[in-house]
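**Q** Here's a structure for you.
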Amino acid sequence: MLIAGNWKMNLMPHEGMMLTHEICMGISDIPSHVDILICPPFTHLAQCSLIIENNESPLLIGAQNCHDSDEGAFTGEISASMLASMGIDYVILGHSERRFLFNESNDFIARKCLTAFKAGLTPIVCIGETLEQRNKGIVHPVIQEQVLSILHHEQIVSSISAHNIVFAYEPVWAIGTGLAASPEQAEDVHAFIRLQLEEKLGDHASMIDVIYGGSVKLENAKDYFLQPNIDGALIGGASLNAESFLAIAAQA
Ligand code: 13P
């Protein structure tokens, strides 16, 4: 089980440090089969990493994005190898906010995925349909296209066993809206994602965490975790408070 907090563009550095410290303090109460990950903004990563290290905490740390090139004239961008050199474990790729606000395509996200693998990071690839697509009844084809755009790269497929990959199903209409997908709606898509993974990766598909995101909170978390194909959560708003984040993790 993976419980991941995506802080997005929230918290000043001192607040992020405090939150990291609080999570490190509370993590010992969480069962050991649950991996806990925070994804602070780039500017906070070094300080948050240091707090984790000083506490000898099993807390994992990830970034919220990286570029698809390893270096070069890309003003304002951060490469996967820069993140890896700081001891970062994970990187979120293709979050719907990046797909829609920054026009990121499936292809671009797949290239980022390859660069992340080369640097030794584990990518968390976000996928999910819009409300319009759900209303049109095309959830599965949309999800299939997003998953296969990653898995049709042979190099990605061959890197998965060494570096691992996580898929996060985040229906766009459920993000930050309080309109969470029902556990049954989420499980339906997760089972479909697992099928795609099995077709491409065989037995290894069962090793890959497929986590749910979109208005996860303490009140609904357990119902997701009871579903057979939901392996954790990617949490936005409720990850900004140690108490609520850890309480959700305790349900996993
Ligand atoms: P919320 O939990 O705030 O809906 O955000 C979900 C999300 O986008 C996590 O990546």
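**Q** Taking θ as phi - 60°, what are the ³J(HN,Hα) couplings along segment 7-17 by the Karplus curve (6.51, -1.76, 1.60), each to the nearest whole Hz, with x for Gly and Pro?
**A** 6, 6, 9, 10, 6, 6, x, 5, 5, x, 5
**Q** Now, a different point. How far apart, in nm, are the 7 Å Cα→Cβ label points at K136 and N54?
**A** 5.2 nm
**Q** Can you find, among L101, M25, I165, the residue sitting farthest towards the positive end of the charge dipole of the chain, where Lys and Arg contribute +1 and Asp and Glu -1 at Cβ?
**A** Farthest towards the positive pole: L101.
**Q** Same structure again: Please report, in debye to the nearest 20, how large the charge dipole of the chain is about its Cα centre when each Lys and Arg carries +1 at its beta carbon and each Asp and Glu carries -1 there.
**A** It comes to approximately 320 debye.
**Q** Further question: What percent does the relative contact order of segment 112-228 come to when contacts are Cα pairs within less than 8 Å and at least six residues apart?
**A** Once normalised by length, the contact order is 30 percent.
**Q** Take each of the peptides 16-24, 97-105, average the number of other beta-carbon atoms within 10 Å over its residues, and list them starting from the highest.
**A** 16-24, 97-105
**Q** Sort segment 90-243 into rounded, prolate or oblate with this rule: let a ≥ b ≥ c be the square roots of the eigenvalues of the Cα gyration tensor; rounded if a/c is under 1.5, and if a/c is not under 1.5, prolate when a/b is larger than b/c, oblate otherwise.
**A** rounded
**Q** On a full-extension model of 0.36 nm per residue, what is the gain between Q144 and Q227, subtracting their alpha-carbon distance, rounded to one decimal in nm?
**A** 27.8 nm
**Q** First check a/c for segment 65-105, with a ≥ b ≥ c the square roots of the eigenvalues of its C-alpha gyration tensor; if it is under 1.5, answer rounded, and if not, answer prolate when a/b is larger than b/c or oblate otherwise.
**A** oblate
**Q** Straight-line reach only, C-alpha to C-alpha below 18 angstrom: list the lysines that K8 could link to, leaving out same-chain residues fewer than 8 apart.
**A** Reachable lysines: K217.
**Q** Computed on alpha carbon atoms, what radius of gyration and Dmax characterise segment 51-165, expressed in Å?
**A** Rg, Dmax (Cα atoms, Å): 15.3, 51.
**Q** Follow-up question, since we're still on this one. State whether segment 1-43 is rounded, prolate or oblate according to the following rule on the C-alpha gyration tensor (a ≥ b ≥ c being the square roots of its eigenvalues): a/c under 1.5 gives rounded; otherwise a/b larger than b/c gives prolate, and the remaining case gives oblate.
**A** Because a/c hits 1.5 or more and a/b fails to exceed b/c, segment 1-43 counts as oblate.
**Q** Moving on. Please compute the length gained on full extension between E184 and A162, using 0.36 nm multiplied by the number of residues separating them and subtracting their Cα-Cα distance.
**A** Between E184 and A162, full extension yields 4.7 nm more.
**Q** Could you work out the Rg to Rh ratio of segment 138-218, with Rh taken as the Kirkwood radius (inverse of the mean 1/r over all Cα pairs)?
**A** So for segment 138-218, dividing Rg by the Kirkwood Rh gives 0.99.
**Q** Could you give the length gained by full extension between E199 and H152, i.e. 0.36 nm per residue of separation minus their alpha carbon distance, to one decimal place?
**A** 15.8 nm
**Q** Right, something else. Residues with amide H under 5 Å of G232's amide H, sequence separation 5 or more or different chain, H placed in the peptide plane at 1.01 Å from N; which?
**A** Distant-sequence amide H within range of G232: L2, Y212.
**Q** Under a 5 Å amide H to amide H cut-off, with H placed in plane at 1.01 Å, what residues pair with I92 once short-range neighbours are removed?
**A** When sequence neighbours closer than 5 places are left aside, the close amide H contacts are A63, Q64, N65, I124.
Only the coordinates and a few stated rules stand behind these numbers; no lab work does. It should be emphasised that the depicted structure is a prediction, and the values quoted were computed from it without experimental measurement. Note: ideal-geometry Cβ built from the backbone for every residue, glycine included; neighbour counts use all protein chains shown.
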